[in-house]
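**Q** I am attaching a structure below and will ask some questions about it afterwards.
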Ligand code: NAD
């Protein structure tokens, strides 16, 4: 659409219950590659998706070894929040931001200062580890040193079960209470902004359908086209770290 940044900034300033859905694109400026962008992990190596499929992870020790090696080498552990994450913290302080619904697993919204109870992690978090047998949950920093020390497929210290990062892989369902929190936040929102997401993964992308069906103003901030662009009241194809601070500046 032809709607300008300044007009969308006015919508942000008027909103009383805004909801922002974020995707991997808000963290690329922190050095974490997205999946489907031009420099994306899957764009460069489509086979990487195999590793993120739940049944493969459970069935094949070799997949787990690769997944743990990739986890140890992940840029997430050293990444710092960027201007996009910080803009949402500033926006939260105005009292107009009801929730950040994130598909990201990197924890950078909380690292930037977003209140933990306003961030809904739709796809879980890479900062925790869960046992697939007994459900024991622990901080990732308790497991990564074991990988560094040479364990390539660490087992649960409670029961010997398979450990996995507390993230949602393909073939895994989202946590019901997490979906419910996302829908509850969107219900009654007066602005829904999708930022840095290709809107190709469900049910996260379906939140846009929900917003449109309820007549909530929809804004998309993404470098590339998305399937929801034609439903949106405004589409801004600009670098997130530049445009988000402008969008919240007047709020
Ligand atoms: P995606 O890779 O499918 O889409 C990201 C979109 O962001 C792309 O369309 C890209 O053009 C856009 N983009 C990238 N950098 C941008 C920038 N600086 N300014 C504007 N636009 C930018 O990501 P998705 O929709 O979030 O889906 C990917 C899935 O992968 C999610 O489920 C998520 O859990 C996971 N993932 C998470 C991380 C993370 O936690 N940081 C990283 C990669 C993938």
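Residue by residue, here is whether (1) assigned to a loop (DSSP other than H, G, I, E, B); (2) within 12 Å of the ligand (Cβ to nearest atom); (3) in contact (Cβ under 8 Å) with a residue 24 or more places away in the chain holds:
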| residue | (1), (2), (3) |
| --- | --- |
| 3 | yes, no, yes |
| 9 | no, no, yes |
| 21 | no, yes, yes |
| 25 | no, yes, yes |
| 58 | no, no, yes |
| 62 | no, no, no |
| 76 | no, yes, yes |
| 86 | no, no, yes |
| 91 | no, no, yes |
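**Q** Also, quick follow-up: Looking at the range 206-240 only, could you name the residues that are buried (at least 19 other Cβ atoms within 10 Å of the Cβ), near the ligand (Cβ under 8 Å from one of its atoms) and part of a loop (DSSP other than H, G, I, E, B)?
**A** The answer is 222, 226.
**Q** Looking only at residues that are more than 11 Å from the ligand (Cβ to nearest atom) and without any contact (Cβ under 8 Å) to a residue 40 or more places away in the chain in the range 180-202, which one is surrounded by the most Cβ atoms within 10 Å (Cβ to Cβ)?
**A** Of the range 180-202, the ones more than 11 Å from the ligand (Cβ to nearest atom) are 180-193.
Filter once more, so that each one left must be without any contact (Cβ under 8 Å) to a residue 40 or more places away in the chain: 180, 183-184, 187.
Values: 180: 12, 183: 15, 184: 13, 187: 13.
The extreme case among them is 183.
**Q** Can you tell me which residues in the range 93-113 are away from the ligand (no atom under 14 Å from the Cβ) and without any contact (Cβ under 8 Å) to a residue 40 or more places away in the chain? Steps first, answer last, please.
**A** If we filter the range 93-113 for residues that are away from the ligand (no atom under 14 Å from the Cβ), which is where we start, we get 93-99, 113.
If the condition is that a residue be away from the ligand (no atom under 14 Å from the Cβ) and without any contact (Cβ under 8 Å) to a residue 40 or more places away in the chain, then 93, 95, 113 are the ones that fit.
So that you can scan it fast, the table gives a plain yes or no per residue for (1) surrounded by fewer than 19 Cβ atoms within 10 Å (Cβ to Cβ); (2) at pLDDT below 95; (3) within 13 Å of the chain's Cα centre (by Cα); (4) assigned to a loop (DSSP other than H, G, I, E, B):
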| position | (1), (2), (3), (4) |
| --- | --- |
| 100 | no, no, yes, no |
| 105 | no, no, yes, yes |
| 109 | no, no, yes, no |
| 117 | yes, no, no, no |
| 120 | no, no, yes, no |
| 129 | no, no, no, no |
| 134 | yes, no, no, yes |
| 138 | yes, no, no, no |
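The values are calculated or read from the model by the stated rules, or taken from the named source; none is laboratory data. Only a predicted model underlies this, so the values are computations on that prediction, with no experimental measurement involved. For neighbour counting, all protein chains shown are included, and Cβ atoms are generated from backbone atoms with ideal geometry for every residue, glycine included.
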